[in-house]
Amino acid sequence: MSGKVVAVAGATGVVGREMLRVLEDRNFPVKSIKLLASERSVGKTLKFKGEDLPVELLSDDSFNGVDIALFSAGGGTSKRFAPSAAKAGCVVVDNSSAWRMDPEVPLVVPEVNPGDIQKHKGIIANPNCSTIQMVVALKPLHDVAKIKRIVVSTYQAVSGTGQKAIAELEGQIAKLMNGKEAECKVYPYQIAFNCLPQIDVFLDNGYTKEEMKMVNETKKIMGDDSIRVTATTVRVPVFYGHSESVNIETEKKLSVEEVRQILASAPGIMVEDFPEKKVYPMAINAAGQDDVFVGRIREDESIENGINMWIVADNIRKGAALNAVQIGEELIRRNLLRVL
Ligand code: NAP
Ligand code: 12T
């Protein structure tokens, strides 16, 4: 198979750099690669397969001859440039929240709804990181027992907010340990040694946008509007790896052993659940890994058919870069990259 011309918009960011690593790791068929970012990065170089490549300015003209464009340069940039990229004939896989709920745009997690890719019109959206890891774990259970309701609380790493947030947590830890005051620029309050019950902006209903992304995206990806979802999303002082406490109520009863078996044989999931040996998923172990880790599987004894579990994944890999590249692989497998 001949290689593809790939563009990465936001190549210098946390997600963009991880995309380059994932493309390399998985031997994605790359004929050539274009690294795009803002004027701030023009003149910089990034390494791809051992070669130093120049970063170019993202513009409407960046996409002529490009087969697939992976976008992770923020919602505004996606809104502005994804349509012209699609018009130029390439397929855009967009990591921002700009297009996710657009009915014309498939929202895809390859383990869950790969078939939705088929309907694309030039843009495919990558879901929110917290949603991705949750639906990977819940879809196999939904198929067997039909999930009626999901209650989720997240413990989200700062890397989800990008390079500046990683630097803010590092800087605050260093300052506080030296008896100085923490500087807060990215987050409204100190994140070091703290938990912030706010991710993204507040909406009129009192929930945050991140919480409503989990509610709405879950229904769209699972293809089932009847699932009731409620979420509380919390930022914690962790660098990489989102953790989630997830409670589900199902139509059919599932035992803990059944849940373990279903998840152990499902794609993209690693069950880590030996309480007697103190084995459970943790962010520090999930960081750098591709799988979604599930443990602490228990029956919810307060209701008839309920299960509690703890779901952890690397938010930058499966939550962003890896899922986007997997969508690219699925596009190639299904011969859905457009030929003009
Ligand atoms: P980051 O580390 O702050 O990097 C931002 C990237 O976007 C940089 O490459 C930056 O280029 C580029 N950029 C910003 N404004 C631009 C513009 N006007 N024109 C061209 N490039 C521009 O952030 P990140 O963590 O990589 O996240 C990037 C985006 O990915 C987020 O805004 C979000 O939309 C998305 N994301 C999605 C998920 C998910 O849940 N799936 C998770 C994390 C992030 P410069 O270096 O030149 O400034
Ligand atoms: N605010 O792509 O700050 O919807 O962790 C992902 C991550 C938005 C998104 C974060 C965010 C998104 C964050």
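General observations
- Among residues of the range 310-333, those that are among the basic types (Lys, Arg) and either under 15 Å from Asp291 (Cβ atoms) or at pLDDT below 95 (or both), counted: 2
- Scan of the range 60-88 for residues that are assigned to a loop (DSSP other than H, G, I, E, B) and either touching a strand residue (DSSP E or B) at 6+ places or on another chain (Cβ under 8 Å) or modelled with pLDDT under 95 (or both), ordered by number: Gly65, Val66, Asp67, Ser72, Ala73
- Subset of the range 22-71 [of a type outside the set (Gly, Ala, Ser) and in contact (Cβ under 8 Å) with a residue 60 or more places away in the chain]: Val22, Leu23, Arg26, Phe28, Pro29, Val66, Asp67, Ile68, Leu70, Phe71
Conditions (1) crowded, with 21+ Cβ neighbours inside 10 Å; (2) not β-branched (Val, Ile, Thr), marked per residue:
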site: Gly89; (1), (2): no, yes
site: Asn95; (1), (2): yes, yes
site: Pro103; (1), (2): no, yes
site: Val108; (1), (2): yes, no
site: Lys119; (1), (2): no, yes
site: Asn128; (1), (2): yes, yes
site: Ala137; (1), (2): yes, yes
site: Val152; (1), (2): yes, no
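- The listed residue being within 19 Å of Ser72 (Cα to Cα) and either more than 16 Å from ligand 2 (Cβ to nearest atom) or surrounded by 20 or more Cβ atoms within 10 Å (Cβ to Cβ) (or both), out of Ile132, Ile221: Ile132
- Top-ranked residue in the range 262-279 [being of a type outside the set (A, V, I, L, M, F, W, C) and touching an Asp or Glu at 6+ places or on another chain (Cβ under 6 Å); ranked as surrounded by the most Cβ atoms within 10 Å (Cβ to Cβ)]: Gly268
- Checked against (1) open to solvent by 50 Å² or more (accessible area, probe 1.4 Å); (2) in contact (Cβ under 8 Å) with a residue 12 or more places away in the chain; (3) away from ligand 1 (no atom under 16 Å from the Cβ), Phe202 passes all but a single condition, namely (2).
- Residue satisfying all of: in the range 52-86; buried (at least 19 other Cβ atoms within 10 Å of the Cβ) and hydroxyl-bearing (Ser, Thr, Tyr); farthest from Pro127 (Cα to Cα) among these: Ser62
- Looking across the range 3-51, the residues that are farther than 23 Å from Gly162 by Cβ and open to solvent by less than 80 Å² (accessible area, probe 1.4 Å) come down to Gly3, Lys4, Val5, Phe28, Pro29, Val30, Ser32, Gly50.
- Restricting the range 163-189 to residues that are under 28 Å from Val151 (Cβ atoms) and not in a helix (DSSP H, G or I), the residue that is least open to solvent (accessible area, probe 1.4 Å) is Tyr187.
- Restricted to the range 224-233, and to residues there that are open to solvent by 30 Å² or more (accessible area, probe 1.4 Å) and not in a loop (DSSP other than H, G, I, E, B), the residue that is farthest from Pro106 (Cα to Cα) is Thr232.
- Out of Ala324, Ala320, Ala313, Ala287, one residue alone is within 23 Å of the chain's Cα centre (by Cα) and surrounded by fewer than 24 Cβ atoms within 10 Å (Cβ to Cβ). It is Ala287.
- Among the criteria (1) in a loop (DSSP other than H, G, I, E, B); (2) buried (at least 17 other Cβ atoms within 10 Å of the Cβ), the one Lys213 does not fulfil is (1).
The values are calculated or read from the model by the stated rules, or taken from the named source; none is laboratory data. All of these numbers come straight from a predicted model, not from anything done at the bench. Quick reminder, even Gly has a Cβ in these numbers, built from the backbone with ideal geometry, and neighbours come from all protein chains shown. The area values use the complete protein model at the heavy-atom level, side chains included, leaving out ligands, DNA and RNA. Shrake-Rupley method; radii C 1.70, N 1.55, O 1.52, S 1.80 Å.
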